[in-house]
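These notes concern the structure reproduced below.
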């Protein structure tokens, strides 16, 4: 189990101001977490491929193409937004 001084040092590194009750609580919690990490170190990972780097993956993108709409749909949309300015539909400000 972590000592009180080790827990205080970790809290200081994390820039946390902890009360005495919190230090005792986190002393136990951090000890449990570190114990779990020790268990993970015991797992045999021979023959397991390392996790692929997600940054090396390429994004799958589609072309940005305009989709034709029926005049009926366009008319319905224009009725929902009665105001227009310079060919664009005008909406209320949200900020």
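The values are calculated or read from the model by the stated rules, or taken from the named source; none is laboratory data. Just so it is clear, the model here is predicted, and its values are computed rather than measured. Here the Cβ positions follow ideal geometry from the backbone for every residue, glycine too, while neighbour counts run over all protein chains shown.
Quick notes on this one:
- Condition check for residue 84: without any contact (Cβ under 8 Å) to a residue 24 or more places away in the chain, more than 30 Å from residue 2 (Cβ to Cβ) and surrounded by fewer than 10 Cβ atoms within 10 Å (Cβ to Cβ): no
- Only one of the numbered conditions (1) over 24 Å from the mean Cα position of the chain (by Cα); (2) surrounded by 10 or more Cβ atoms within 10 Å (Cβ to Cβ); (3) within 30 Å of residue 10 (Cα to Cα) is not met by residue 29, and that is (1).
- The set of residues in region 5-27 being in contact with a helix residue (DSSP H, G or I) (Cβ under 9 Å, 6 or more places away or on another chain) and under 20 Å from residue 37 (Cα atoms) consists of 6, 7, 10, 11, 26, 27.
- For region 5-23, the set of residues classified as in a helix (DSSP H, G or I) and surrounded by 12 or more Cβ atoms within 10 Å (Cβ to Cβ) consists of 6, 7, 8, 9, 10, 11, 22, 23, listed by residue number.
- All told, residue 76 meets the bar of being part of a helix (DSSP H, G or I), at negative phi and surrounded by 11 or more Cβ atoms within 10 Å (Cβ to Cβ).
- Any hit, region 48-68, residues being surrounded by 10 or more Cβ atoms within 10 Å (Cβ to Cβ), assigned to a loop (DSSP other than H, G, I, E, B) and modelled with pLDDT of 80 or more: no
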